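For reference, the structure discussed in these notes is given below.
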Amino acid sequence: MSVQPNSQLPFSPAVRLFIPLLYAAWSDRVLSPSEVLTIQEEAFKFDFLSDFDKAQLQEWANPKRFPPRDLYKMWEIHCRQAADQLKKPDDRTLIHIGIALANQPDAPWNSEPIRGQLIRMEKTLGAINEATFQTLFSTPASIRDTKEKSNASFEIKAMQELLDGQYVDLKSKMRSLLSDPVFTLDIIPDKHDYRTKVLGWLHMLASQGLGALSYPEAYGGKDDMGIYGAAFEMLGYHDLSLTIKFGVQFGLWGGAVLALGTNKHHEKYLKAIGDLSLPGCFAMTETGHGSNVRGLETTAIYQREKGTFIINTPHPDAGKEYIGNALHGQMGAVFAQLIIDGENHGVHAFIVRLRDGQGQTLEGIRIEDNGYKLGLNGVDNGRIWFDQVEIPRENLLDRFGQVDENGNYHSAIKNPSKRFFMMLGTLVGGRVCVPRAGLSAAKKGLAIAVRYATRRRQFAPGPNQPETLIMDYPSHQRRLIPLVAKAYALSFALDDLLERFVHNGEEDFREVETLAAGMKSYATWFTTESLQECREACGGKGYLAENQFAALKADSDIFTTFEGDNTVLMQLVAKGVLSQFKQAFHEEGNMAVLRILTQRITVAINEQNPLIIRNTDSSHLRGQDFQLNAFRYREQRLLTSLANRLRGLIKSGKSAHEAGLLAQTHLLKLADAFIEKVVLESFITKENALEDANLKEVLGQLRAMYALTCIEKHGAWYLEQDYIANVKSKAIRKSIDQLCAELRPEVLALVESFGIPDALLAAPIAM
């Protein structure tokens, strides 16, 4: 569409009246729930709008579809022309532009009462942002910048774009959307009201098309797990109950149907799951078995004569436990042992209807509320028991295992263990996404604590002198700045994990699963640690509910044990690393032995000679080579010593299970070393790819801070291994203190670069 500045708008005068409101509302590329409500409901109260006019406005007010670019440009051109006609400062409003566009002096909207209603409607939409104001009016708005000016060496916008990565547009949309007044948080919400509010918020997100992001386009999605992960991350800045309910509905329930079902299930359910007309749950965990999914006791027994399954809970402790969406869900993906003629084919997933259209629980199903929890009370967790519940054969999610009309079981994956782990692939997506939301909670806590520390003063150096900012105390810098550095490190590592998860092939699945388990554990432990430190760093103010730490700590605490208990997951990580080590030996034979011996000799010559272990030069300590070599050495040393230990235990007559138990703490140390190395490698890759010199320099300082604090934490181990000498250990400690001082002028800008809007920080001490 070619737009001429003087062409007439091809719409009725009544529709033209509202074009400036629509232009301003869409200016951030987001039509928020408040804006939708105002345009679709308030505007339609006016009698002068015909049904055709209302249909036109309804089309433009669909939050899932930004107006065509040519149309939006046409709006801009005509709005600017109309704005140029307004000479009085008081006339510089969207409504006055609309009246000028309509150009009908005798129209109803020129009367004082209706004009007053229109102006109130404009106020309901909120203040026009500065960029839009300056686009419409030639004279710049006189708007005072109330934000504290940064003295950082880098541009905050550039750093934010670096952190946002390839999902910058989606993250920008989420910032605008979640800043809408309808998403305002209650300080201490009532449990039942809170659940209702969270459900309402979830419907608003679904109406924006966000729930279906990972689903195929045919079902309203974008077929992009990466953009779904980015949306999940941004929700972590808002409310973690909403974040988790979003994940349960669209990630677990919808993800189970998508990943474990076949086309018939997709056609029947996915669109309704994505738009939230079919709420559901993911019923895997049982009271008696927790993380032991293979040992689940719920059964699905096939009845040949009817062609149905009977879902049954054999005893109370086999009930499904802690099931999110249990009280709002109409259906569930229920995991049970598939049994045909007495033969158990292992754990499979089944779609089971829980409630009828009126929300009443169906016969044979008992659901109880889990009640109040430490946190996440906006999520309706419940327990579910099944008493001989009959479901059709088609309700088996049969991507990896099918039951034909004659009751015969078929699977292309003959190995039951491999089939079981492929079915558990739905959990990997959760383990990729959960730490992203957890890290957002940690970043929010750090932003609040650092903002407070750059405003709060305590103790004066002398009489009649100003008190000192608490961020200027070295002890306070030591508390917060290493945490900021680690938050950056985890951001880059989690981005790499998401990228690998999105693009992994079947041959990479086990490796991605290992990384996801480890990163989920490492990152969520960091969330718990950092929020506690931030709360303490804010003193009594941090203890007030209004300053967010109460909710952040309570809601994120469970992250360390759901989607897999962290300690259990870290054992899985170590076993994955051992498996790769064992496979290398199997494939390379004696060459693997020679390679390891060569590595040890090389390390002894290059890194453990007397000069290197005593090297205290700052450029050496801060250098990528020393840090990466130290991390890799720790991982390899723990790996080979663990392998030798396990082999010795098994040779002495211990079973593999007994040997694993005796070496369990060793396993956890190896997993920790492996994940720390992965995080550092991601950080170095990001740093080396940068072209912006200012960003590169500050990222180098943050990378050095992360690496040196990890080495300091494991200082006793490195000393035991003669990898560093006492004098080098002391120099590392001094180098960290020096880095804290160097990063002090940058730290406020570093947390501002997280891009958390003030509306989401919502803490008075951070404002």
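The values are calculated or read from the model by the stated rules, or taken from the named source; none is laboratory data. These numbers were taken from a predicted model, which means no experiment stands behind them. Note that each Cβ is placed from the backbone with ideal geometry, even for glycine, and that neighbours are counted across all protein chains shown. These accessible areas exclude ligands, DNA and RNA; they are computed on the full protein's heavy atoms, side chains included. Shrake-Rupley method; radii C 1.70, N 1.55, O 1.52, S 1.80 Å.
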Looking at the stretch 456-475, can you tell me whether even one residue there is closer than 26 Å to Ala554 by Cβ and assigned to a loop (DSSP other than H, G, I, E, B)? yes
For the stretch 214-260 the number of residues that are closer than 14 Å to Leu170 by Cα, in a helix (DSSP H, G or I) and not aromatic (Phe, Trp, Tyr) is 9
Condition check for Thr514: surrounded by fewer than 20 Cβ atoms within 10 Å (Cβ to Cβ) and of a type in the set (Ser, Thr, Tyr): no
If Glu368 satisfies all but one of (1) in contact with a Leu (Cβ under 7 Å, 6 or more places away or on another chain); (2) within 30 Å of Leu552 (Cβ to Cβ); (3) free of Cβ contacts under 8 Å to residues at least 24 places away in the same chain, what's the number of the condition it fails? (1)
Can you find, within the stretch 689-700, the residue that is nearest to Met159 (Cα to Cα) among those that are in contact (Cβ under 8 Å) with a residue 60 or more places away in the chain and in a helix (DSSP H, G or I)? Leu695
Going by what's in this entry, would Ala442 be described as part of a helix (DSSP H, G or I), in contact with a Gly (Cβ under 8 Å, 6 or more places away or on another chain), among the aliphatic types (A, V, I, L, M) and in contact (Cβ under 8 Å) with a residue 12 or more places away in the chain? no
List every residue pair whose Cβ atoms lie under 7 Å apart, where the two residues are 6 or more positions apart in sequence or sit on different chains, the first residue falls within the stretch 177-202 and is assigned to a loop (DSSP other than H, G, I, E, B), and the second residue, located anywhere, is surrounded by fewer than 18 Cβ atoms within 10 Å (Cβ to Cβ). Ser179/Pro757; Ser179/Ala759; Asp180/Ser34; Ile187/Ala545; Ile187/Glu546; Ile188/Ala545
Looking only at the stretch 615-644, which residues are open to solvent by 60 Å² or more (accessible area, probe 1.4 Å) and at pLDDT below 90? Asn644
Within the stretch 603-614, which residues are part of a helix (DSSP H, G or I) and open to solvent by 60 Å² or more (accessible area, probe 1.4 Å)? Ile605, Asn606, Pro610, Leu611
Any idea how many residues of the stretch 730-767 are more than 19 Å from Tyr488 (Cβ to Cβ), in a helix (DSSP H, G or I) and open to solvent by less than 30 Å² (accessible area, probe 1.4 Å)? 5
Condition first: polar (S, T, N, Q) and either under 26 Å from Lys157 (Cα atoms) or at pLDDT below 90 (or both). Can you find one or more residues in the stretch 661-682 that meet it? yes
Quick check: is even one residue across the stretch 582-595 modelled with pLDDT of 65 or more and among the aliphatic types (A, V, I, L, M)? no
Anything in the stretch 86-116 that is crowded, with 17+ Cβ neighbours inside 10 Å and either in a helix (DSSP H, G or I) or within 39 Å of the chain's Cα centre (by Cα) (or both)? List them, or say none. Thr93, Leu94, Ile95, His96, Ile97, Gly98, Ile99, Ala100, Leu101, Ala102, Trp109
Only one of (1) open to solvent by less than 20 Å² (accessible area, probe 1.4 Å); (2) in contact with a Leu (Cβ under 7 Å, 6 or more places away or on another chain); (3) within 25 Å of Asn62 (Cβ to Cβ) fails for Ala212. Which number is that? (2)
Residue by residue through the stretch 66-85, note down the ones that are part of a loop (DSSP other than H, G, I, E, B) and modelled with pLDDT of 85 or more. Phe66, Pro67, Pro68
Gly295 open to solvent by less than 10 Å² (accessible area, probe 1.4 Å) and either modelled with pLDDT of 95 or more or within 29 Å of Leu572 (Cα to Cα) (or both): no
Does Arg647 satisfy the criteria of being open to solvent by 70 Å² or more (accessible area, probe 1.4 Å) and either assigned to a helix (DSSP H, G or I) or touching a Pro at 6+ places or on another chain (Cβ under 8 Å) (or both)? yes
Would you pick out the residues in the stretch 4-57 that are of a type in the set (Gly, Ala, Ser) and crowded, with 19+ Cβ neighbours inside 10 Å? Ala14, Ala24, Ala25, Ser32, Ala43
Within the stretch 264-271, is even one residue under 23 Å from the mean Cα position of the chain (by Cα) and modelled with pLDDT of 95 or more? yes
